[in-house]
Amino acid sequence: MLPETYRKALRGLALPVMALPMLPALLLALASGQSRTILGLLAGLAGTGLTVALLRRAKHGDRRRAMAALGLGTGFAAALAGGTGTVGAVLLGLAAAYGLRLAYEGLREEKPEPYQGDAGLEPFARRLAVLEGTDTRLAGAVLALRGLLREMALRPSMAGQARSLLVLGLDGLERIAQRLSAGAVAPRELTAAMSDVERAASQAAERLRASETEALDVQVTVLRQRLREEGVA
């Protein structure tokens, strides 16, 4: 097995080697003025280049982005330059993305710092830390809110609605914790209320996690629409 240093240096370089046959094909297409073929080959080369760049950067989520880039590039190349048709292009694109996933399943991505991306989340983290030391009956809801906060930090641009839920949950838990610490008797509905908070926070976190998959679905839809516009479908 190669040392880690060599693996990093060689990461992704096999893809340009496999894409080399597209270069003479592109030159021939340019010489003959085949615009559809030129577009497809350029898309394939661009997808390969972006895939290599993402794999070598290896930030959090780059493997999934690389899968999308290679899948789209392969799909366009197959449809426009290879004449495979819509179904063939989609299947080849999915196969390329899945093959990349298998080949780089062990890719070590850099983990982002949870709260560096959005300084506005730090007060929420401090409030959750205080709540973690209060009544144990709030523990499940507090844990779910912390999970939601973690997902918001990873995807700040998509965290608008989740932020409202986080604020609502924190405000409610803080008031409940204050009353309980003052000696109030917990009502029978407390357990159900905590379950509601936990479920809502978990669902919001899951929606944020699914955002990458939804983005990929949109990209696939755009690919198919573009293929129809090009008259391939």
**Asked** Restricting attention to the stretch 136-166, which residues are among the basic types (K, R) and within 22 Å of the chain's Cα centre (by Cα)?
**Response** R146, R150, R155, R163
**Restricting the stretch 106-125 to residues that are exposed (fewer than 12 other Cβ atoms within 10 Å of the Cβ) and under 14 Å from L54 (Cα atoms), the residue that is modelled with the lowest pLDDT** = E110
**Request:** Filter the stretch 132-144 for residues that are more than 11 Å from A201 (Cα to Cα) and either buried (at least 21 other Cβ atoms within 10 Å of the Cβ) or modelled with pLDDT of 95 or more (or both) and give the result.
**Result:** L138
**Request:** Assess whether G147 counts as being in the same structural domain as A184 (by the TED database), crowded, with 16+ Cβ neighbours inside 10 Å and either touching a Ser or Thr at 6+ places or on another chain (Cβ under 9 Å) or not hydrophobic (A, V, I, L, M, F, W, C) (or both).
**Result:** yes
**Request:** Residues that are within 22 Å of the chain's Cα centre (by Cα) and of a type in the set (V, I, T): find the helices (runs of 4 or more DSSP H) completely inside the stretch 1-82 holding 2 or more of those.
**Result:** 35-57
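To keep it simple, each residue is scored yes or no on (1) at pLDDT below 85; (2) surrounded by 13 or more Cβ atoms within 10 Å (Cβ to Cβ).
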| residue | (1), (2) |
| --- | --- |
| G172 | no, yes |
| T191 | no, no |
| M194 | no, yes |
| V197 | no, yes |
| A200 | no, yes |
| A205 | no, yes |
| T213 | yes, no |
| V220 | yes, yes |
**Asked** If you check A129, A162, which single one turns out to be outside the structural domain of D62 (by the TED database), surrounded by fewer than 16 Cβ atoms within 10 Å (Cβ to Cβ) and either assigned to a loop (DSSP other than H, G, I, E, B) or at pLDDT below 95 (or both)?
**Response** A129
**Request:** Would you be able to say whether some residue in the stretch 52-63 is crowded, with 18+ Cβ neighbours inside 10 Å and either in contact with a His (Cβ under 7 Å, 6 or more places away or on another chain) or of a type in the set (V, I, T) (or both)?
**Result:** yes
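So that you can scan it fast, the table gives a plain yes or no per residue for (1) assigned to a helix (DSSP H, G or I); (2) without any contact (Cβ under 8 Å) to a residue 24 or more places away in the chain:
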{"position": "A141", "(1), (2)": "yes, no"}
{"position": "R175", "(1), (2)": "yes, yes"}
{"position": "A186", "(1), (2)": "no, no"}
{"position": "T191", "(1), (2)": "yes, no"}
**Fill in**
Scanning the stretch 215-233 for residues that are part of a helix (DSSP H, G or I) and of a type in the set (V, I, T), the one nearest to V90 (Cα to Cα) turns out to be V220
**Prompt:** Applying the selection to the stretch 193-214, what residues are of a type in the set (A, V, I, L, M) and assigned to a helix (DSSP H, G or I)?
**Reply:** A193, M194, V197, A200, A201, A204, A205, L208
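The values are calculated or read from the model by the stated rules, or taken from the named source; none is laboratory data. Everything numeric in this text was worked out from a predicted model, so none of it was measured. Positions of Cβ are backbone-derived with ideal geometry, glycine not excepted, and every protein chain shown enters the neighbour counts.
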